[in-house]
Every structure is written in C-alpha cells, then in structure tokens.
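Input: a single structure, listed below in structure tokens.
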Amino acid sequence: MRIDQILGRGRPTISFEFFPPKNDAAFAQLYQTVDELHAIKPSYVSVTYGAGGSTRQKTVDLVERIQRELSIRSMAHLTCVGHTAEEIGGILDSLWNAGIRNVLALRGDPPQGQSQFVVTPGGFAYADQLVAYVKSKYDFCIGVAGYPEGHPQCLNKTRDLEHLKRKVDNGGCFVVTQLFFDNADFYAFRDNAQRIGIRVPIVAGIMPITNVAQIKRFVSMCGAKIPHPLLLKLEAVENDPEASYATGVEYAIRQCEDLINHGVDGLHFYTLNKSKATVQICKALNVAHAA
C-alpha cells in the first residue's frame, strides 16, 4: 500500500485530499463525497492535520477507515506544530498499527491566532527534521511538500529548493506541490529540482476554482498567484456562481491536460471535501483508474 510503489509507472497517479470534519453531520457528508470520488478509482487519498494537532485522532481514524472499508491507499498528514518528538512518535505508532504506510511530513502552519511558527520544546523546527525522525521510527513512505512559486516565508526559490532537497535526502520519497495555476511555474520548479539532484517523483497540487472570493483568500494565504488572463475571466463572472464554477472547472481541465502531456508524475486534487468539480474534471480527462 506504499505510494512510492505506484509512482513513475508511465501514467500519472490521481489522488484526492480531504480534511477531518468538525461534527458528525459533516462526517456523513464527507463519506458521501469519498464514495462519489471512489468511482474515479484514485491511486490514493490524503487526510490533513489541523494546526497544533487539533484533529490528530480524527486524522488517524479517517485514514484507517478509508483504507480499511474502501481499500484505497491512504496517507496521513503529520506536522511539527504543537508536538514533542515523543508525541509524534505516539502518532506514528498509531498509524503503523492501523496499517497506514504513508505519511506527508510537514512543518505545518501556526495555530489560529498566531502569525509565526513557534518550535515546541522537545519538538522539531523544520520538516526535514520531522522526515528524518519518521524515517528512524518506521519504514513509512514519506511525502514532502514543494512550492513551485516558493514558500511564502522563504527568502528565495533557490533557498526553498535547498530546503526541499534536505527533506528528500532525509527520507522523502516523493513531493506533493502547493496549489498553482500557471504550469510554467511548475515546469520551472521541476527542472530546477532535478538540476540540484532531487530525483523523486513530483506530484502537482490542483485546486479547482469553484468560488472566486474563496480562491482569492486561499492564494493570499499560500503565496500562489492567479495568472492575469484567468483573473480577468473570473472577475467577469464573480457574481454568477454557475459561471464562476464553469470557468474554474474548464481551466482546471485544460491545466491538467497540459500537465499530463508534459509527463507529470501525478495530479493531487485539493477537494475541500467536495466531489462535484473533481469528478467532472477527472471524467473529462478520462483518468479514472486504479494504480
């Protein structure tokens, strides 16, 4: 059930990201979403981890249930925020004992209300340290994050790639990128990563635009940009929900087609726990398959 065993087989993997809901009603809705996306036969799915470990047990429970009941490879997100190494070790014990063999090792965002990352005493300051620790505990397949446009807090893209190489050198098996909308940024990032010796597969992070105001908030937080031609199209229909949705989905289809034609290792959809747009895109791409 390791993800690195299905990457690099000549066709892109298709994967979906979910987050643990806050209440039972939302969990029921999420399971309906997962069931609808199950028909696409994703290569794997991932489940996020709330800031400060706020969804720790829900993340473990959700990845275990998806893998056990739906037989889909599952990957749990793991962050440095708010945890000592010993506490992270306990989480890894739970995941391993639950049969989960894939984790995405991240530094993580500061908890709500904090603007700066603060190292937990006895914890880790950087994702590369977390990767090394995970590697020392169990033989997980470890995914790491990459930033085609540079991490918002990094001084420049070269330094950002140096950080990425440390994560890979410490045990990262593949890279999943932050969302982006300009494929030129991804191709430059991939080329530069290979140039400095990063040889693991790089999976493209895709977020279908279904709400213009929402995507503007997201890009302001994560440092991504919206290409000007796309921004003009979106703003022209911003007050028309159906037209906004159609414009965003059409753009994602064209974006993914181009990535596939340029040999992308995988497409990772940030679903926001919704299925409609992702199903529509995957059907248009004719990429439903089990890897």
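The values are calculated or read from the model by the stated rules, or taken from the named source; none is laboratory data. Computed from a predicted structure; not experimentally measured. In this analysis, Cβ positions are derived from the backbone assuming ideal geometry, glycine residues included, and neighbour counts consider all displayed protein chains. For accessibility, only protein heavy atoms count, side chains too; no ligands or nucleic acids. Shrake-Rupley method; radii C 1.70, N 1.55, O 1.52, S 1.80 Å.
In the calculated pair distance distribution of the chain, what percentage of Cα-Cα distances lie above 29 Å? Cα-Cα pairs in the chain separated by more than 29 Å: 31 percent. The Cα atoms of the stretch 208-291 cover 38, 25, 23 Å along the three principal axes, with the biggest extent listed first. Only helical runs count toward this figure. For the chain, summing -39,500 (n - 2.57) over DSSP H runs of n ≥ 4 and dividing by all residues gives -14500 deg cm²/dmol at 222 nm. Rolling a 1.4 Å probe over the protein heavy atoms gives the chain an accessible area of 45 Å² per residue. With both residues required to sit in the chain, DSSP beta bridges show an antiparallel share near 0%. Simple point charges give the picture: +1 on the Cβ of Lys and Arg, -1 on the Cβ of Asp and Glu, and for the chain a dipole about the Cα centre of about 480 debye.
With Cβ to Cβ distances under 14 Å as the rule, what net charge do the other residues near L232 carry (K, R +1; D, E -1)? Its environment carries a net charge of +1.
Can you send over the carbon and sulfur percentage of the accessible area for the chain, probe radius 1.4 Å, protein chains only? Heavy-atom surface of the chain belonging to carbon and sulfur, 1.4 Å probe: 49 percent. Sorting K135, K274 by solvent-accessible area of protein heavy atoms yields K274, K135, largest first, with a 1.4 Å probe.
Each Cα pair under 8 Å and six or more residues apart adds its separation to the average, and for the chain the resulting relative contact order is 22 percent. More than 13 Å apart: what percent of Cα pairs in the stretch 132-204 qualify? The calculated P(r) of the stretch 132-204 puts 63 percent of pairs beyond 13 Å.
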